[in-house]
Amino acid sequence: MNSLEDIVARCRKGERNAQKELYALFAGKMKAICYRYLNSYEEAKDITQDGFLKVFDNLHRFDAQKGNLHNWIKTIMINTTLNYLKKKKRLPIDTLEEHHDVGALDAEAMNDSSRDFTAEELEEAIQSLSLSYRIVFQMYVLDDLSHKEIAEALQISEESSRTRLKRSRIRLKEYLHKLRLSKIKSGKMVE
């Protein structure tokens with residue numbers, strides 16, 4: 001098996017087999033990231049392809065001294081997905097109401113409640129969020145981006161990013177609370 005450094009070097013030379021190897025190594029994870037934003041397998045598949053074309057076109061810019069390849073590719077995929085959503089006018093622009101403070105959130109209570117649910121139920125809860133909240137939540141929680149990085153990618157203020165994250169957590173907490181009550185009433189969960 002070739003080392004990742006070897007594969008990257010060969011990709012930089014334009015070797016198709018190396019590109020296939022790099023794609024095989026990362027495509028599954030990257031498709032999953034795109035899917036989280038798009039909620040459509042076909043769109044995620046297309047965006048992953050577009051993203052990898054950008055990866056191969058820009059691989060000469062990747063510097064292993066500044067970061068790892070996985071994070072570099074992930075950033076390209078997220079940006080490609082966000083650009084796609086902007087073109088399709090599915091990415092909401094910043095709204096005035098989001099500049100108002102929504103108060104503190106009990107993050108501990110949020111984490112406490114999530115362990116009572118299946119992965120599918122948690123995914124459903126995340127998908128229930130409005131697109132603007134879901135994107136910020138995913139970028140911050142699942143993709144581990146800072147509010148500064150989110151603000152730059154979405155062209156919003158850092159405060160709007162923080163507010164959307166707080167609101168998404170509040171909405172998720174409410175959704176999971178209702179789901180918990182429903183499971184208790186149906187006997188699928190004990191109090």
Pseudo-spin-label distance Leu181 to Glu152, built 7 Å along Cα→Cβ, given in nm, is 4.3 nm
Alpha-carbon centroid distance for the pair segment 1-57 / segment 141-191, whole angstrom: 29 Å
Label-point separation (nm) for Arg16 and Ile170, each offset 7 Å from Cα along Cα-to-Cβ? 5.5 nm
Scan segment 1-72 for trypsin sites (Lys or Arg not before Pro) in coil per DSSP, keeping those whose Cβ has at most 10 other Cβ atoms within 10 Å, and list them by number. Lys13, Lys66
Within segment 120-154, name every residue whose backbone N is under 14 Å away from a label modeled 7 Å from Cα of Lys188 along the Cβ vector. 120-125
Shape verdict for segment 4-87, please, from the Cα gyration tensor: rounded (a/c under 1.5), prolate (a/b greater than b/c) or oblate. prolate
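Laboratory data are not the source of any read-out in this text; all were calculated from the coordinates shown. Everything numeric in this text was worked out from a predicted model, so none of it was measured. Glycine gets a Cβ as well: all are built from the backbone with ideal geometry, and neighbour counts include every protein chain shown.
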